[in-house]
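The values are calculated or read from the model by the stated rules, or taken from the named source; none is laboratory data. Here the structure is a predicted model, which is why all the values come from computation and not from measurement. FYI the Cβ positions are ideal-geometry reconstructions off the backbone, even for glycines, and counts take in every protein chain you see. Calculation scope for accessible area: heavy atoms of the full protein, side chains included, ligands and nucleic acids excluded. Shrake-Rupley method; radii C 1.70, N 1.55, O 1.52, S 1.80 Å.
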Amino acid sequence: MSTIVINGSPRGVKSNSFKLAAAFLDGAGITDYEVVESAKLDVKPCAGCFGCWKTTPGVCVLKDDMAGVLGKLKAADLVVWAFPLYYFSVPGGLKNLIDRQLPMNLPFMTGEEGGGHPARYDTSRRRNVVVSTCGFYTAEGNYTSVDAMFTKYYGDFEKIYCGQGELFSVPQLSSRTDEYLSHVKRAGAEYLRGGITPETRRGLNELLYPKDAFEKMADASWGVQKAEDGVVVKADESLTFVRQMAALYNKANYDKDRVIEMNFTDIGKRYQITLTAEDAKVAEDNLTAADTVITTPFAVWKAISKGELQGSEALMQGKYSVKGDFSAMLKWDEFFGAGKTPKPQETSGFSKRASLLNGANIAGAAAGAAFLVSGANDWFLFGLELFFAAFWGSSVFKKVPITCYFSAGKYGGEKMLQNPIFTRTNRILTACWAVEYLLMASVFAVLEFSNAPSWLGSLTYLPAPILGVFTAWFAKWYPARMARGRA
Ligand SMILES: Cc1cc2nc3c(=O)[nH]c(=O)nc-3n(C[C@H](O)[C@H](O)[C@H](O)COP(=O)(O)O)c2cc1C
């Protein structure tokens, strides 16, 4: 299928709209296509002379790159029109290209409602897809004139219009924008199979972020602020950055009022973000006592938020430190995560394994107790506890130690496995539990040899609740200790 993309963005292939067009074609499995960059071509505005209709039929009097574009348009089976919305319409350069299609039509009237001109060439096999991003929070209501133009000129065409377009250029937000691009990709695949399904369309119509959050983020992103006299001046980069972060605050995950301080050592600036049930406020002066203080070079923090550096890894390497309430760090993604509020991951392999292991653990403990009460043979109980010790002990050396499965859910699920602090903490806890099972097994062995009364075996269960309390405490204490640089 001969395919061209007419890219109307002056940003070329780095454009937000082009990213969507490329995802659409990727999904459709079309890798062989030509990109016509209208902003880079010499396509003059139409002279309005009608020379292509009356003097040199089908040929424009202007000599520039448009002749080549017309040739490509004539030959194409699929044309993807990719462009940003400019003043509720297409960018000027693309409008010139669209106007200069006049030679593709004959001058006669078709007699249709509202008026029209017939095609000069048979392009009936050609399919058109319009892909566009715009800067407002929604595409809804903003594409009236684009719709009218393409409907009038091309009749039936497929379209993907997306608001909050600038977010596709923000690496920190890629978890959400990639999710949107995956809908676009699916739309591409479905388009060739007969049409975009209502389910995919729902994903395409969903806002990237709620209106309020997006508008706060957008306002903070320009790097300018109103001075006291109302004049707009350039804002400090680090302040802009902290404001953008605060704009991402997901108050649905509020747990208590918190003051988080960012102490940027390389530029000598301190800011505080106060999280409340209502919002996140940024302060640059009149700072109070903070609950959590993050001390870091600004460069490091910027790299982390761009995804160039893994936050937890950088923390372990001592590239920044955290003092005070460490729980803010463990809940960081819930507060400022760029993705949407995570949906319960019932279907993921990780959560299935977690509930299976949880179930097995409870069943194992219950079975052990039942065997003990029923006066089972000490050797049997020895074997059972030894099995647990081996199972937990071997897990210490695995990529995901077993207690990760029990505690990840508390901190945002499977993605915690990427956090080396979390996995290291759990490796230690898994080892502690393996030792506990080994001790239990040894007690049963001793009981067997010593012929002591077997009810004594029940005492082996006593350390378990203590270890449970220790586990809860250690899971908080150890990461905080690491954050202070004392691991
Ligand atoms: C001159 C100009 C006019 C714009 N007009 C609108 C507009 O009318 N409505 C809108 O929502 N966004 C508007 N925008 C924002 C762009 O549509 C938005 O930033 C888009 O994502 C840019 O996409 P691109 O990277 O593909 O060029 C305008 C931007 C510029 C530079």
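Some observations on this one:
- Cα centroid of the range 356-434 to Cα centroid of the range 249-299, whole Å: 37
- Between Leu106 and Phe371, the modelled label-to-label distance comes to 9.1 nm, taking each label 7 Å out from Cα in the direction of the beta carbon.
- Packing-based ranking, highest mean first, of 105-112, 393-400, 13-20 given that Cβ atoms within 10 Å are counted: 13-20, 393-400, 105-112
- Spacing of the two label points (7 Å from each Cα toward its C-beta) at Lys72 and Ile30, in nm: 1.3
- Altogether, the Stokes-Einstein calculation at 20 °C and 1.002 mPa s, with the Kirkwood radius of the range 98-165 over Cα pairs as Rh, returns a diffusion coefficient of 156 µm²/s.
- Förster radius 45 Å - calculated FRET efficiency between Asp64 and Val224, Cβ distance, rounded to 0.05: 0.70
- Carbon plus sulfur fraction of accessible area for the range 343-487, probe 1.4 Å, in percent: 71
- Accessible surface, the range 139-229, averaged per residue in Å² (probe 1.4 Å): 54
- At q = 0.07, 0.09, 0.12 Å⁻¹, base-10 log of I(q)/I(0) for the chain (Debye sum, equal scatterers on each alpha carbon): -0.58, -0.80, -1.09
- P(r) of the range 6-72 over all Cα-Cα pairs, binned every 5 Å from zero, in whole percent: 4, 15, 20, 18, 15, 11, 10, 7, 1
- Carbon plus sulfur fraction of accessible area for the range 12-63, probe 1.4 Å, in percent: 60
- Across the range 78-94, rounded Karplus estimates of 3J(HN,Hα) from the backbone phi angles (6.51 cos²θ - 1.76 cosθ + 1.60, θ = phi - 60°) give 9, 10, 9, 8, 10, 6, x, 6, 10, 6, 6, 8, 8, x, x, x, 5 Hz, Gly and Pro being marked x.
- In this structure, Lys152 and Thr276 have a Cβ-Cβ separation that, at R0 = 51 Å, corresponds to a calculated FRET efficiency of about 0.50.
- Summed residue charge, Cβ within 11 Å of Thr425's Cβ, Lys/Arg positive, Asp/Glu negative: +4
- Under the Karplus curve 6.51 cos²θ - 1.76 cosθ + 1.60, θ = phi - 60°, whole-Hz ³J(HN,Hα) for the range 193-209, x wherever Gly or Pro sits: 8, x, x, 5, 6, x, 5, 5, 4, 4, x, 6, 7, 6, 5, 4, 9
- In the range 409-487, trypsin sites (Lys or Arg not before Pro) in a DSSP loop with at most 16 other beta-carbon atoms within 10 Å: Arg484, Arg486
- Using every pair of separate Cα atoms, the Kirkwood estimate puts the hydrodynamic radius of the range 273-338 at 13.1 angstrom.
- Taking the square roots of five times each eigenvalue of the Cα gyration tensor of the range 221-362, the equivalent ellipsoid has semi-axes of 32, 18, 15 Å, listed largest first.
- Relative contact order of the range 1-130, defined on C-alpha pairs under 8 angstrom at six or more residues apart (%): 31
- Charge tally in the Cβ shell below 10 Å around Gln244, where Lys, Arg are +1 and Asp, Glu are -1, Gln244 excluded: +1
- Pairs of alpha carbons in the range 54-136 separated by more than 23 Å make up 32% of all such pairs.
- The gain in end-to-end length when the Thr265 to Thr56 segment is fully stretched comes to 68.2 nm, 0.36 nm per residue minus the alpha carbon separation.
- Local electrostatic count, Ser2, Cβ distance below 12 Å [Lys/Arg +1, Asp/Glu -1]: +2
- Note on Ile466 and Ala47: the extension gain reaches 142.2 nm, defined as 0.36 nm multiplied by sequence separation minus the Cα-Cα distance.
- Extension gain (nm, one decimal) between Lys399 and Leu192, 0.36 nm per residue minus Cα-Cα: 70.4 nm
- Each part gets one Cα centre, and for the range 87-114 versus the range 135-155 those centres are 15 Å apart.
- Surface composition of the range 125-210: carbon and sulfur atoms hold 54% of the protein heavy-atom accessible area at a 1.4 Å probe.
- Taking the average, over residues, of other Cβ atoms within 10 Å as the packing measure, peptides 224-231, 40-47 rank 40-47, 224-231 from highest down.
- Highest-first arrangement of 270-276, 117-123, where packing means the average Cβ count within 10 Å: 270-276, 117-123
- Based on the Stokes-Einstein relation at 20 °C and a viscosity of 1.002 mPa s, and on the Kirkwood radius from alpha carbon pairs, the range 56-210 is assigned a translational diffusion coefficient of 123 µm²/s.
- Set Lys14/Lys211; Lys331/Lys415; Lys251/Lys331; Lys14/Lys306; Lys352/Lys399 screened for pairs whose C-alpha atoms are more than 19 Å apart: Lys14/Lys211
- In terms of overall dimensions, the range 358-487 has a Cα radius of gyration and Dmax of 16.4, 51 angstrom.
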